[in-house]
Amino acid sequence: MRFDTVIIGGGLSALVCGIELARNGKRVAVVAKGHSSLHFSSGSFGLYNAEHPLKAIAELAPTHPYSKIGVERVEALAAKATEILNVAGVSTNGTIEANHYIMTPTGALRPCWLSLEGTVTAASDKSLDFKSAAILYPEGFLDFYTQFVSDELQGLGVNTSLHSFALPELSIRRNNPTEMRSVAVARALDKEENILALANIISHKTGDAEVVIMPSVLGFVKSDVQSRLEKISGKRILTVPTLPPSVEGIKVERALRTTFERMGGVIFNGQTVVSYAKEENVVATVTTDKYVTLTAEEFVLSAGSFIGGGLESDRNSIVEPVFGVDVAAPQGEFTTRDIFEPQPFMSAGVVTDNSFKALCGGTPIDNLYACGAILSGFNGVKEGCGAGVAMVTALEVAENILNK
């Protein structure tokens, strides 16, 4: 099968790159191994862990993906990333000029570039815009630490009260603890009878609290459950992300996939690229483990880091397993003894030129680009820039392909 571009990977960077190419008339295929790391995310997006991200980005090392793009381009591409999320129906809050703060599953506030509408956020990590909150959660729910959330809120001067609720469908699920997880609860709250019952519970259980805080399980398919609950109950409702799997992250992935396919993109689900054919310095085809061979003018390597299978390692080396392109690995030990310190292996990744063409033996491959977590030169956890690097480099690669 022939396409203009084949993207290897199915996560945030792959889908954003695919959407940008597809909406500009390219015929694009995405080869997705399985669920992406979005299933483990809170649904928020970090650009860089600094009060003013752009100022910090200007000081980064030349090998950092942002430095290869430049501050002005990062700013422009970040704005385009926000627009693509909105086109996909993912409504966000936040600006690139200054980070705001989002509440984590344990109640702590951490800096964030973009957050999903309806979540608990703050302009600083010292205060919130409400002084009282009723924390409401399903009985027996395993993925939401109510006491941690309450303690953190009280530390910020918020009076809190804890309230559990039961619904007949969820009570049945409680007989099997593995059923009381975020996705199962969210699926139950897609149902009209459960939405109406929960709205009634909110109205009668939460008293005069300024806000009602719930785990992010308000609907799995339906996107309007939270707003409907607010309208029916007359209460302001905010959500806090749960432990993985993340309902909000799954919703973001589904929205991006749907948008990509609506624009003509093709997704090869449950497949892994295992081999390729090359002519001179150009990749001609790739073949998957299901014996599907894809031909394209351009290829994009966006398979993630170690979790996504874009990188593999043993005790002595780190490699990119499909094309064997150059990988920058730490000199010496891959890890440190202190687990709370940044781990050296987390900055490993594929080496590219400034246009994000992957290098092989130090030479760029003419039609093979790399973007997202597979890139070298940054630590997405330490720097809080995983989502930002994913989307910004994806759009830079897309534009390089479109302008070729």
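For region 149-241, which fully contained helices (runs of 4 or more DSSP H) count at least 2 residues that are in contact with a strand residue (DSSP E or B) (Cβ under 6 Å, 6 or more places away or on another chain) and in contact (Cβ under 8 Å) with a residue 60 or more places away in the chain? Please lay out each step first, then the result.
Values: elements: 168-173, 182-188, 192-205, 225-233.
Ranges flagged: 192-205.
So how many residues does region 105-118 have that are over 20 Å from residue 53 (Cα atoms) and either assigned to a strand (DSSP E or B) or not aliphatic (A, V, I, L, M) (or both)? Even if it seems obvious, please write down each step before you answer.
If we filter region 105-118 for residues that are over 20 Å from residue 53 (Cα atoms), which is where we start, we get 105-108, 117-118.
This time we only want the ones that are either assigned to a strand (DSSP E or B) or not aliphatic (A, V, I, L, M) (or both), so: 105-107, 117-118.
Total satisfying the criteria: 5.
When only residues in region 15-36 that are small (Gly, Ala, Ser) and closer than 16 Å to residue 90 by Cβ count, which is modelled with the lowest pLDDT?
Keep residues of region 15-36 that are small (Gly, Ala, Ser), which gives 18, 22, 25, 29, 32, 34, 36.
Next, from what is left, pick out any that are closer than 16 Å to residue 90 by Cβ: 18, 36.
Values: 18: 98, 36: 77.
Applying the filter and picking the extreme gives 36.
When you go through 83, 20, 75 one by one, which is the residue that is among the acidic types (Asp, Glu) and exposed (fewer than 15 other Cβ atoms within 10 Å of the Cβ)? Write out each step before concluding.
Numbers: 20 fails: exposed (fewer than 15 other Cβ atoms within 10 Å of the Cβ); 75 fails: exposed (fewer than 15 other Cβ atoms within 10 Å of the Cβ).
On inspection, the qualifying residue turns out to be 83.
If you check residue 288 against the conditions, is it touching a residue at least 24 places away in the same chain (Cβ under 8 Å), under 16 Å from residue 13 (Cβ atoms) and of a type in the set (Val, Ile, Thr)?
On the way: touching a residue at least 24 places away in the same chain (Cβ under 8 Å): yes; under 16 Å from residue 13 (Cβ atoms): no; of a type in the set (Val, Ile, Thr): yes.
For residue 288, the condition - touching a residue at least 24 places away in the same chain (Cβ under 8 Å), under 16 Å from residue 13 (Cβ atoms) and of a type in the set (Val, Ile, Thr) - is not met.
Right, residue 102: in contact with a helix residue (DSSP H, G or I) (Cβ under 8 Å, 6 or more places away or on another chain) and not basic (Lys, Arg) or not?
Values: in contact with a helix residue (DSSP H, G or I) (Cβ under 8 Å, 6 or more places away or on another chain): no; not basic (Lys, Arg): yes.
It is false that residue 102 is in contact with a helix residue (DSSP H, G or I) (Cβ under 8 Å, 6 or more places away or on another chain) and not basic (Lys, Arg).
Can you pull out the residues in region 278-319 that are part of a strand (DSSP E or B), among the aliphatic types (A, V, I, L, M) and closer than 23 Å to residue 353 by Cβ? Before you say what the answer is, go through the steps one by one.
So in region 278-319, the residues part of a strand (DSSP E or B) come out as 278-279, 282-288, 293-301, 312-313, 318-319.
In the following step, the residues that additionally are among the aliphatic types (A, V, I, L, M) were identified as 282-284, 286, 294, 296, 300-301, 318-319.
Matches in region 278-319: 282, 283, 284, 286, 296, 300, 301, 318, 319.
Can you find a residue in region 76-84 that is farther than 30 Å from residue 359 by Cβ and under 17 Å from the mean Cα position of the chain (by Cα)? First the steps, then the outcome.
As a first pass, look at region 76-84 and keep what is farther than 30 Å from residue 359 by Cβ: 82-83.
Restricting the remaining residues to those that are under 17 Å from the mean Cα position of the chain (by Cα) gives 82-83.
Yes, the conditions are met somewhere in region 76-84.
When you look at residue 43, is it on the phi > 0 side of the Ramachandran plot and crowded, with 18+ Cβ neighbours inside 10 Å, yes or no?
Working: on the phi > 0 side of the Ramachandran plot: yes; crowded, with 18+ Cβ neighbours inside 10 Å: yes.
So residue 43 fits the description; yes.
Looking only at region 381-401, which residues are surrounded by fewer than 20 Cβ atoms within 10 Å (Cβ to Cβ) and out of contact with any Asp or Glu (no Cβ under 8 Å at 6 or more places or on another chain)? Let's see the steps before the verdict.
At the first step, the residues of region 381-401 found to be surrounded by fewer than 20 Cβ atoms within 10 Å (Cβ to Cβ) are 381-382, 399-400.
Those that are surrounded by fewer than 20 Cβ atoms within 10 Å (Cβ to Cβ) and out of contact with any Asp or Glu (no Cβ under 8 Å at 6 or more places or on another chain): 381, 382, 400.
Cβ-Cβ below 8 Å, separation at least six or inter-chain, first residue in region 30-58 and assigned by TED's automatic domain parsing to the domain that holds residue 125, second surrounded by fewer than 23 Cβ atoms within 10 Å (Cβ to Cβ): which pairs?
Within 8 Å, no pair qualifies.
Provide a single number: the residues in region 350-364 that are buried (at least 19 other Cβ atoms within 10 Å of the Cβ), out of contact with any Leu (no Cβ under 7 Å at 6 or more places or on another chain) and in a strand (DSSP E or B). Break it down into steps so the answer makes sense when it comes.
Within region 350-364, the first condition is being buried (at least 19 other Cβ atoms within 10 Å of the Cβ), and the residues that meet it are 350-352, 356-358, 364.
Narrowing further to those that are out of contact with any Leu (no Cβ under 7 Å at 6 or more places or on another chain): 356, 364.
Keeping just the survivors that are in a strand (DSSP E or B) gives 364.
Residues that pass the stated criteria total 1.
The values are calculated or read from the model by the stated rules, or taken from the named source; none is laboratory data. These numbers come from a predicted model, not from an experiment. Glycine also receives a Cβ, built like all others from the backbone with ideal geometry; neighbour counts cover every protein chain displayed.
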